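Reviewing the structure listed below.
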Amino acid sequence: MPLRQWLRSANFAIEGILHAAKTQRHLRYHFYSAAVVLLLSYALGISRMEFLIIALSVIIVLLAELLNTAIEAMVDIVSPDYSEQARIVKDIAAGAVFVTAFGVAIIGYIILFPYLLSSFHQGLYITKHSGEEITVIALVIVLILVVITKAAFGKGLPLRGGMPSGHAALAFSIWTAITYITENFIVSLSCFILAVAIAQSRVTTKIHSPWEVMLGSIMGAVVTFLLFRIFS
């Protein structure tokens, strides 16, 4: 598949996520919860296998909510007027989300409760992580914030236009992470120039306004900086 076609398909897919996040408050709550749970898991220092289970559980909940939104939209198209059968379909889809979220909540409780209990008795100690691990969680959190912010403003496509610039946010997040990991001025400066070039290209091609690019750049850099300060 050509790169341009792949990006176009990805743009449509992410646009679907943004539309769901904009119109479905429960999905927004799931995104908020996902960010909090992932950060809490990092802070408590759960094992890699436990973190993998938590991450997969978060993905499953988001997937269930997206499928529920798609089913509701399809039912509205097929049956625009009130129908008892349509109501049943929607209720079943919502029930699937409820069962998924409830099961994931139990998984989260089983995994996180011993760590929370230990922190309660011994005091909260934020576990330190490697630069590579912090970079991954930083990129995930930045992406979640970009989705939530774009959904809030409801303007532009995810990969083209809108507040804020996702490209700028990720570029400056990577620059900040590389600066912390390498602690090398030349490498940091080179990455900074690349990040600025990426941000500038979004303005030059009139995909984003300078304000949208600036907000994305600040978001990516600040979030990554704070996570490195907390976890490194």
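The values are calculated or read from the model by the stated rules, or taken from the named source; none is laboratory data. All of these numbers come straight from a predicted model, not from anything done at the bench. For neighbour counting, all protein chains shown are included, and Cβ atoms are generated from backbone atoms with ideal geometry for every residue, glycine included.
Y82 fulfils the conditions (1) in a helix (DSSP H, G or I); (2) of a type in the set (F, W, Y); (3) without any contact (Cβ under 8 Å) to a residue 24 or more places away in the chain; (4) exposed (fewer than 13 other Cβ atoms within 10 Å of the Cβ) except for a single criterion, (1). Taking the stretch 136-231 as the region of interest, the helices (runs of 4 or more DSSP H) fully inside it that hold 3 or more residues being among the aliphatic types (A, V, I, L, M) and surrounded by fewer than 18 Cβ atoms within 10 Å (Cβ to Cβ) are 185-204, 210-231. Among the residues in the stretch 45-52, are any of a type in the set (S, T, Y) and part of a helix (DSSP H, G or I)? Within the stretch 45-52, none of the residues are of a type in the set (S, T, Y) and part of a helix (DSSP H, G or I).
Within the option set T135, T100, being modelled with pLDDT of 80 or more and outside the structural domain of R48 (by TED's automatic domain parsing) holds for one residue only, T135. Do the conditions hold for G131, that is, is it within 28 Å of the chain's Cα centre (by Cα) and touching a residue at least 60 places away in the same chain (Cβ under 8 Å)? It is true that G131 is within 28 Å of the chain's Cα centre (by Cα) and touching a residue at least 60 places away in the same chain (Cβ under 8 Å). Consider F51 against the criteria (1) surrounded by 15 or more Cβ atoms within 10 Å (Cβ to Cβ); (2) without any contact (Cβ under 8 Å) to a residue 12 or more places away in the chain; (3) over 20 Å from the mean Cα position of the chain (by Cα): it satisfies all of them except one. Which criterion is unmet? With (1) surrounded by 15 or more Cβ atoms within 10 Å (Cβ to Cβ); (2) without any contact (Cβ under 8 Å) to a residue 12 or more places away in the chain; (3) over 20 Å from the mean Cα position of the chain (by Cα) applied to F51, the lone miss is (3). Only one of the numbered conditions (1) closer than 20 Å to S57 by Cβ; (2) surrounded by 15 or more Cβ atoms within 10 Å (Cβ to Cβ); (3) not assigned by TED's automatic domain parsing to the domain that holds I181 is not met by S119, and that is (1). Within the stretch 103-132, the residues that satisfy the criterion of being modelled with pLDDT of 90 or more and β-branched (V, I, T) are V104, I106, I107, I110, I111.
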